[in-house]
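The structure appears right after this line, and notes come after that.
Read the figures in this text as sums done on the coordinates, not as results from a lab. None of these values were measured; they are calculated from a predicted model. Glycine gets a Cβ as well: all are built from the backbone with ideal geometry, and neighbour counts include every protein chain shown.
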Amino acid sequence: MSFTANDVKTLRERTGAGMMDCKKALVETDGDMEKAVDYLREKGIAKAAKKAGRIAAEGIVDSYIHMGGKVGVLLEVNCETDFVARGDQFKELVHDIALQIAAANPSYVTKEEVPADVIEKEKEILRAQAIEEGKPAQIVDKMVEGRIKTFYDENCLNCQKFVKDPSKTIEQLVVEATATIGEKISIRRFVRFEMGEGLQKKNENLADEVAAQVAAMKN
């Protein structure tokens, strides 16, 4: 069964889910509107999307120290009520996100936070790399856009694959938690400290070491 752009719009109005999520739901259900609604509900996307407009002014600030004090994270995650903020499920979620930041070293929470000048500079570098690789001029721009997506996936927390379960992103993790807990949850801000950062020292990749230790914790 086929579907139109208007079907995607209708599904979005019914569920409050994003356009891409609605399109995927219709693809997965062969254009069946009712099945698409059920698909979004089962994934927790519809319930979470309806909560997106709510105000999340409660929450907690969590800290995470790793590798004997070599890496530290301070993180603020918000929810709607103090009751949820004090719950074990919410605290575990926040702790997992702090661990993610320690292991994957993101620079931003969302791709919308990345300054325009940073993206333009990155595009210039990627375009020069593509040309240096001898890629045809007509496909250089498409290659750059694809590599910019990789830049987002590596540098934006919400776009990163969850270190404990790479089948989902941090954004999907939060969406699932929102659906389960029943309140809007949002990652507001974070700061990551790496001991000796900015000082001249022996070259070592602490992010890789943290990621390795996280992998060991899962086994």
Query raised in the report: Cross-link partners among aspartates and glutamates for K161, C-alpha distance below 12 Å, same-chain residues fewer than 8 apart left out?
Result: D153, E171
Report summary line: Cys in the chain lacking any partner Cβ under 4.7 Å -> C22, C79
Query raised in the report: With a 10 Å Cβ neighbour count serving as the proxy for reagent exposure, in which order, fewest first, do I187, I131 appear?
Result: I131, I187
Report task. Specify the residue with the greatest mean-square fluctuation among Q172, Q160, Q138, computed from a Gaussian network of the chain linking alpha-carbon atoms under 10 Å apart. Result -> Q138
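Per residue of the chain, what 222 nm ellipticity follows from adding -39500 (n - 2.57) for every DSSP H run with n ≥ 4, rounded to the nearest 500?
Working: 10 runs with 120 residues, N = 219.
Rounded to the nearest 500, the figure is -17000 deg cm²/dmol.
What are the equivalent ellipsoid semi-axes of the range 99-219, built from the alpha-carbon gyration tensor (square roots of five times its eigenvalues), in whole angstrom, biggest first?
Numbers: eigenvalues 163, 90, 43 Å².
Sorted largest first and rounded, they come to 29, 21, 15 Å.
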**Report entry** 31 Å tail of the calculated P(r), the chain, as % of Cα pairs
**Finding:** 34 percent
Query - Gaussian network model of the chain, springs between alpha carbon atoms under 10 Å - residue of E133, E92, E209 with greatest fluctuation - result: E133
Query - Residue among K142, K111, K35 with the largest mean-square fluctuation in a Gaussian network model of the chain, springs linking Cα atoms under 10 Å - result: K142
**Report entry** Gap separating the Cα centres of the range 167-189 and the range 102-118, nearest whole Å
**Finding:** 18 Å
Query raised in the report: Cross-link list K9/K35; K70/K123; K35/K149; K123/K168; K24/K184; K43/K168: which exceed 21 angstrom alpha carbon to alpha carbon?
Result: K70/K123; K35/K149; K123/K168; K24/K184
Report summary line: Ordered by fewest other Cβ atoms within 10 Å, a rough proxy for footprinting exposure, E122, E132 read E132, E122
Query - Gained length - M67 relative to K91, 0.36 nm times residue gap less alpha-carbon distance - result: 6.5 nm
Query raised in the report: Could you list log10 I(q)/I(0) for the range 20-133 at q = 0.19, 0.20 Å⁻¹, which the Debye formula gives when each Cα is one point scatterer?
Result: -1.06, -1.07
Report task. Be a star and scan the range 76-100 for residues whose amide nitrogen sits under 16 Å from the point 7 Å along the Cα-to-Cβ vector of K164. Result -> 77, 87-100
